[in-house]
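For reference, the structure is listed below as C-alpha cells.
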Amino acid sequence: MSMTQNRTLGYITANYITRENSVLTANRPLASVPFMGRYRLIDFPLSNMMNAGIKTVGLVMPGNCRSIMDHVGSGKDWLLDRKKGGLFLVPGNAYGTSKRGMRFLLRDIIANKELFKRSDKPYVVMMGSSIVFNLDLHQIVDAHETSGAGITMVYVKAVRHQDDASSLVIGDRGRVTQVRPGCDYGDNKFMDCFIIDRKLLLDIIEDYATADYLDIFEAIAGDFARIDVCSYEFKGLVVGIHGEETYYERSMQLIDPSIYEQLFNPDRPIITKAHDAPPAKYFAGSRATNSLISTGCEIKGTVRGSILSRGVIVESGAQVVNSILMQSCVIKSGARVENAILDKNNVVPANTELRGTPEHTLVLGKAPLNAE
Amino acid sequence: MGKKECIAMLLAGGQGSRLGALTSKIAKPAVSFGGKFRIIDFALSNCTNSGIDTVGVLTQYRPYLLHSYIGSGEAWDLDARDGGVSILPPYATQEGGAWYAGTADAITQNLEYIKMYDPEYVLILSGDHLYRMDYRKMLASHIQHKADLTVSVMPVPWEEASRFGILTADDDGRIQRFDEKPEKPESNLASMGIYIFSTKVLVDALEADAVDQRSSHDFGKDIIPKLLSEGYGLYTYEFHGFWKDVGTIASFHETSMDLLGPNPEFDLYDKSFPILSNITTRPPHYIGPDAVIDDALVSNGCKVYGTVRHSIVSTDAVVGERAVVEDSVLLPGAQVKAGAHVRRAILGENAVVEEGVKLGSVDTTKDTAVVGNDVVIGKGE
C-alpha cells in the first residue's frame, strides 16, 4: 500500500463564487452549500484527502467564511486536529478568481507559500470544492509518481455542457496541451483536482509572480510541455454543482441508491460535522416514497421524490414533492411544496402552496431562526 | 489534579446474559438501542447534561467494542484535560489482580482513581439503564439532607414491587428499611441503582466491606443494608419520569416499542437534554418507490423498499422489496431480504433474514424472536 500521507500535502480552494446570483449563495460560499441532506460540498474534498491519509491541509477561506468556519471547526471530524500538521485555514482573495471555470488563483497560492515552503512532502494535491466525487487519491499519486510528470490533472468525460468548468486538451501519452474555459459533451472535464510536485509549485510561485491575477493554469499556459502536465481519467461518478439548476437536477438524480452509493462508499466514507439528532420518525399515516430523509425529521404527511435535511418537519396532510428541504424547515398541515428548494429554517404556513415547475425550480433563501 | 465536587463511576462490566444472543459477543452497555444509540449513551449523556466532567467507566465483560466506542469520550464532550472519561478495567498490582467480584468490589478496586480527584461526592451509575436525569438535582437533595448516601428511587406499580429493591422512607425521605425483592413489599419505592455517596462514607464502607469474608461485595445486598444498620443518614431522591432497565429480551423489545407512537413517554427529540452518541457518518436513508412506513424510527444509511410498521430500523439496516417488518427492532446493518416477513423480532447487528423467510409472530403470548449479531436465517431454519 502506498503511503500518500507521507508524500502529500493538501490545498483546497473554498473561495470562488458562482457567477450566478442565487439566494443559496447569498450568505455562504458555494463550498458550504448543504448537499444530499446532511453534507456540505466542502465535505467531499476534505474526506477525499482524509481517506488518502493526508494530515496537513490548507483551506483557502472566502470573504463570507462564517458558515465554513462553523462547519469545519478544528477539522477534527476529518482527523485534521493534529499536533503535527493539521488543518490550516488560510486567507484568500474574497471572491477567488473572477473567471468562469477557474479555481486556483495564483495570488492565493503565492500568499500562502509558507504552507508549501514549510512542508517536506514531495507532492501537493489541490482541489476545488464545487465538483463532488469520491476517488482514491493513492492511485492518482501513484500514477503521478510513475509518469514523472510535474503536474497530473484529473478529468472525467463530460456528459453535459457546462460553461462554469474547464476542459483539457490531451495529446500524446496523456499529456495536457491546453486548458480551455467551458466544457461540452464528450470533453475532458477538469475535476478541479490535480497533483503537483511541491518544488515545481515553489518555482512557479517565483517565476510567475507578475501574473498573480491569473489562475495557475492560465499563468503557465505557454509552458505546459516544459512543465510536463499529465492527465488522469477518473471513471466514477462526478457531480458538478455550478448553480441552482445543476444543484437541483443533480440532486434529484442522486435519489437512487445505485447512484448515490458511488459517492458514499463505506470504504472511503464521506465525513461531515457530527451532529446528534435522533433517527427520523414516521408517524402513523405518513406516506414517504422515493426520497432521502435525514435524522431528526418528523414525517406525518406525504413526501415524494425529495431530499430532506436534518430536523425537517412535514405535518399531517402536508405534501412535499420533487423538492429539496434544508435543515429545520417546517411544512405545516395541509401545505404543499413542489419542485422547490427551501433553504434552512423556512416555515411553510398551513394550507399554502409553494410551487415551481419542472423547468423552473422555486428557490427560497435561508429564513431567520424562529420565522414563525 | 483539581479537586472535583462530584465524579461519576459508571458500572459497565455486566455480561447482560439475559439479553441472550445480543450480548454473546459484546457487553450489555454496548448493545445498540433506539435506532442509532448504544445503551451506555444514556448514562454518559446524563453526565454531560448534568455538568459532570469526570467519569470512570468500569468494564470487564467483552470490552473491546465498548472501549473503542467510548474512545476519548469526545462524542459526549467528555474529552477533558482534567478529568473526562477513564476506562477502568480490572488490573494487577504487586499483590496480584482479580476480576471485579461485584458492584462494590469494582469500585473498591478503583478507590485510587476516586482519591486522585478527591471529590466531595461520588455518583455511582449503571451503564445499562435508559432514562434522562439531571444528577445536579439529586446532588442538591443529597447536600440539603446532609446525607451520607442518597438513593434514587421511583414509584413502581405495587404488583411489580417484589421484583425490585424496595426502600421504605419517612416523611423527610430518610430511609428506614431496605428490602431486596421483598415478597410482601412495605413500600412501592424501587431503587434505580443510582447512588450518591459522600466520599468518606463510601471509602470507609468499601474498605470495611473488602475484608468482610461474608460479603458478596454488592451495593444493594451488602453496602446499603450495612450502612442502614449502622445508623448512617440514608435518604431517597424521588425521580418521576421514564426509567427502564433493558436487561431482558422482553424489556428490550417493550422499551424499544415505547419509543414509537405519537407521544412517547421517552422523547428522543428533546433538544434541551440531548442524547449524544459516537456515530459514523452515513448518508440519509433511502425510502423506495413502493415503500410503506407507518409509525417507525429510521436511521441514516438505511434502505427501505418494503413495508415497515411499528418498528425501529437502525443505522444501515435494509428492508427489501415486498418484505414486511412489524413490531420489530432491526439493529445496525440488519437485513430483511425481499419478501421476508419479520414480526415481533429483534434482529442483531448485521443479522440477515433471507428471501421469503417468515420469522416471529404477532402473537404476544409467544416470546419475542431474536436473531444474534451476524447470524443468517435461511429457509427451513
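The values are calculated or read from the model by the stated rules, or taken from the named source; none is laboratory data. What you see is a predicted model; the values in this text were computed from it and never measured. Please note: Cβ atoms are built from the backbone with ideal geometry, for glycine as well, and neighbour counts cover all protein chains shown. These accessible areas exclude ligands, DNA and RNA; they are computed on the full protein's heavy atoms, side chains included. Shrake-Rupley method; radii C 1.70, N 1.55, O 1.52, S 1.80 Å.
Observations, loosely collected:
- Considering the conditions (1) modelled with pLDDT under 95; (2) under 23 Å from A:Ile270 (Cβ atoms); (3) not polar (S, T, N, Q), A:Leu135 is excluded by exactly one of them, (1).
- Scanning the range B:67-93 for residues that are open to solvent by 50 Å² or more (accessible area, probe 1.4 Å) and assigned to a loop (DSSP other than H, G, I, E, B) gives B:Ser72, B:Asp77, B:Asp79, B:Arg81, B:Asp82, B:Pro89, B:Tyr91.
- Note on the range B:281-294: among residues that are closer than 26 Å to B:Ala30 by Cα and touching a Ser or Thr at 6+ places or on another chain (Cβ under 8 Å), the one that is modelled with the lowest pLDDT is B:Thr281.
- Top-ranked residue in the range B:40-66 [being open to solvent by less than 30 Å² (accessible area, probe 1.4 Å), among the aliphatic types (A, V, I, L, M) and assigned to a helix (DSSP H, G or I); ranked as modelled with the lowest pLDDT]: B:Leu66
- Being hydroxyl-bearing (Ser, Thr, Tyr), free of Cβ contacts under 8 Å to residues at least 40 places away in the same chain and at the interface with chain A (Cβ under 9 Å from one of its Cβ atoms) is a property that does not hold for B:Thr315.
- A:Arg268 touching a residue at least 12 places away in the same chain (Cβ under 8 Å), more than 7 Å from every other protein chain (Cβ to nearest Cβ) and touching a helix residue (DSSP H, G or I) at 6+ places or on another chain (Cβ under 6 Å): yes
- Elements of type strands (runs of 3 or more DSSP E) in the range A:247-326, at least 1 residues being over 20 Å from the mean Cα position of the chain (by Cα) and among the polar types (S, T, N, Q): A:287-289, A:291-293, A:302-304, A:319-321
- Single residue of the range A:215-235 satisfying the filter (open to solvent by 30 Å² or more (accessible area, probe 1.4 Å) and in contact (Cβ under 8 Å) with a residue 40 or more places away in the chain) that is farthest from the chain's Cα centre (by Cα): A:Ala225
- Note on the range A:175-199: residues that are surrounded by 15 or more Cβ atoms within 10 Å (Cβ to Cβ) and touching a helix residue (DSSP H, G or I) at 6+ places or on another chain (Cβ under 7 Å) amount to 4.
- Extreme residue, surrounded by the most Cβ atoms within 10 Å (Cβ to Cβ), among residues of the range A:275-298 that are closer than 30 Å to A:Leu79 by Cβ and more than 7 Å from every other protein chain (Cβ to nearest Cβ): A:Cys297
- Only listed residue being of a type outside the set (Asp, Glu) and under 25 Å from A:Ser294 (Cβ atoms), chosen from B:Ala291, B:Ala338: B:Ala291
- Note on the range B:291-310: residues that are more than 7 Å from chain A (Cβ to nearest Cβ) and free of Cβ contacts under 8 Å to residues at least 40 places away in the same chain total 9.
- All helices (runs of 4 or more DSSP H) inside the range B:196-289 with 2 or more residues being open to solvent by less than 30 Å² (accessible area, probe 1.4 Å) and more than 30 Å from B:Leu331 (Cβ to Cβ): B:199-210, B:224-229
- Here B:Lys303 passes the criteria (1) within 17 Å of A:Gly285 (Cβ to Cβ); (2) of a type in the set (D, E, K, R); (3) in contact with a His (Cβ under 9 Å, 6 or more places away or on another chain) except the one numbered (1).
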